[in-house]
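Every number in this text was worked out from the coordinates using simple rules, so none of it is lab data. Everything numeric in this text was worked out from a predicted model, so none of it was measured. No Cβ is skipped: glycine too gets one built from the backbone with ideal geometry, and neighbour counts run over all protein chains shown.
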Amino acid sequence: MPFLPVGRTYGALFGVMLMVILQGISPYEAYGAIDLPILALLFGTLVVSIYLEREDMFKYLEKLLTPKGRGGKDLLIRVTLFQLFGVLCSLMTLVVLFSLNSS
């Protein structure tokens, strides 16, 4: 809706409020649908991201990973390391999610 700039978070909260008000679900069911470990994981990720941004870590990583005309071999090594880092982050996220869901 371009005339009403509502983000996903506010849209979701508004939808849940309407469902509770119109008695589509009870307030207890709405509260039971909240997954607190996932919210804690997201909150922790946001805190770490804000800290890294304030310390200019992303600018440092940009300088570190951006090729400076050193040739194709250097670019290949940097891209490979970047992909490996992404895969490791994904695996760590899966391990955390599975450990939170198993408890």
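Going by the alpha-carbon gyration tensor, a ≥ b ≥ c the square roots of its eigenvalues, is the range 35-102 rounded (a/c under 1.5) or, if a/c is not under 1.5, prolate (a/b greater than b/c) versus oblate? The shape class here is oblate. For the chain, adding -39500 (n - 2.57) for each run of n ≥ 4 DSSP H residues and dividing by the number of residues yields -25500 deg cm²/dmol at 222 nm. Between L64 and I25, the simple label model (points 7 Å from Cα in the Cβ direction) yields a spacing of 4.1 nm. Listed by number, the DSSP H helices of the chain that run 30 Å or longer by alpha-carbon position along their axis and have mean Kyte hydropathy of at least -0.5 are 72-102. Of the residues F58, F43, F14, the one that moves most in a GNM of the chain with alpha-carbon contacts below 10 Å is F14. Summarising the label geometry, the points placed 7 Å from Cα in the beta-carbon direction at L76 and M92 lie 2.8 nm from one another.
With the simple spin-label model, which puts each label point 7 Å out from Cα in the Cβ direction, the S99 to A33 separation comes to 3.0 nm.
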